[in-house]
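The values are calculated or read from the model by the stated rules, or taken from the named source; none is laboratory data. Since we're looking at a predicted model, the values are computed, not measured. Methodologically, a virtual Cβ is constructed for each residue, glycine included, from the backbone with ideal geometry; neighbour enumeration extends over all protein chains shown. Note: areas computed on protein heavy atoms with side chains; ligands, DNA, RNA excluded. Shrake-Rupley method; radii C 1.70, N 1.55, O 1.52, S 1.80 Å.
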Amino acid sequence: MAIHCPECGFVNPEAANYCQKCGAYLARPEGADEPTTMTYKVDETGEFQPVDIDAEVDRTGAALVIRSGGGRAGESFPITGDRISIGRTPDAGVFLDDVTVSRNHALIVRRQDGFYIDDLGSLNGTYVNRRRIESHLLRDGDEIQIGKYKLSYLER
């Protein structure tokens, strides 16, 4: 089943969340069953610990969840402070092990009106909802792409 873009009419593959032509969000028909991904975090021993992402977002206010890339779909990162770094350095709050990710790629930072994602001069760029950004005010459900990783930003 193909999905037609509500903005431009382009026919997109069933799994697409955004139009491949214009980048518009592709709403699903009412009653469509969407597959879900179990969310987890990796504990100190390297074991997977299941996470109730709704409860985590309620507790912390915001979280990032890897949707695809690197075999890590479902891994979650609560945003507990005023900032969290994203990059290829193992010290990053969100460590993304991919050569197309810069060591210090992006930063999520709390400002007066919400959380922003700032690109830190990365070579391959940071994308939000398929648009390259330098700084962007995040909204619940935004799709972030950094290298081969696609992440969702969730907030309450």
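Looking only at residues of the range 139-151 that are touching a residue at least 60 places away in the same chain (Cβ under 8 Å) and buried (at least 19 other Cβ atoms within 10 Å of the Cβ), we find that the one that is farthest from ILE66 (Cα to Cα) is GLY147. Against the conditions (1) open to solvent by 40 Å² or more (accessible area, probe 1.4 Å); (2) outside any strand (DSSP E or B); (3) touching a residue at least 40 places away in the same chain (Cβ under 8 Å), ARG67 satisfies every one except (2). Applying the criterion of being open to solvent by 70 Å² or more (accessible area, probe 1.4 Å) and charged (D, E, K, R) to the residues of the range 85-107, the residue that is nearest to the chain's Cα centre (by Cα) is ASP97. Out of curiosity, is LEU154 in a strand (DSSP E or B), in contact with a helix residue (DSSP H, G or I) (Cβ under 6 Å, 6 or more places away or on another chain), in contact (Cβ under 8 Å) with a residue 12 or more places away in the chain and surrounded by 19 or more Cβ atoms within 10 Å (Cβ to Cβ)? So LEU154 fits the description; yes.
If you go through the range 83-95, how many residues are under 19 Å from SER135 (Cβ atoms) and assigned to a loop (DSSP other than H, G, I, E, B)?
Pass one, the range 83-95, residues under 19 Å from SER135 (Cβ atoms): 83-87, 92-94.
From what is left, the residues that are assigned to a loop (DSSP other than H, G, I, E, B) are 92-93.
Residues that pass the stated criteria total 2.
Give the residue that is modelled with the lowest pLDDT, with candidates limited to residues of the range 21-54 that are exposed (fewer than 14 other Cβ atoms within 10 Å of the Cβ) and polar (S, T, N, Q). Step through it out loud before you land on a result.
Keep residues of the range 21-54 that are exposed (fewer than 14 other Cβ atoms within 10 Å of the Cβ), which gives 21-22, 27-36, 38, 42-50, 52, 54.
Now drop any that are not polar (S, T, N, Q), which leaves 36, 45, 49.
On the way: THR36: 54, THR45: 74, GLN49: 67.
Only one residue fits best here, namely THR36.
Would it be correct to say that SER135 is polar (S, T, N, Q) and open to solvent by 40 Å² or more (accessible area, probe 1.4 Å)? Let's see the steps before the verdict.
Working: polar (S, T, N, Q): yes; open to solvent by 40 Å² or more (accessible area, probe 1.4 Å): yes.
Yes; evaluated as a whole, the condition is true for this residue.
Return the total of residues in the range 122-132 being touching an Asp or Glu at 6+ places or on another chain (Cβ under 9 Å) and assigned to a loop (DSSP other than H, G, I, E, B).
Start the filter on the range 122-132 by keeping residues that are touching an Asp or Glu at 6+ places or on another chain (Cβ under 9 Å), which leaves 125-130, 132.
Then drop every residue that is not assigned to a loop (DSSP other than H, G, I, E, B), which leaves 125, 129-130.
Final tally of qualifying residues: 3.
Screening ARG110 against (1) modelled with pLDDT of 95 or more; (2) open to solvent by 60 Å² or more (accessible area, probe 1.4 Å); (3) in contact with an Asp or Glu (Cβ under 6 Å, 6 or more places away or on another chain) leaves a single unmet condition, (1).
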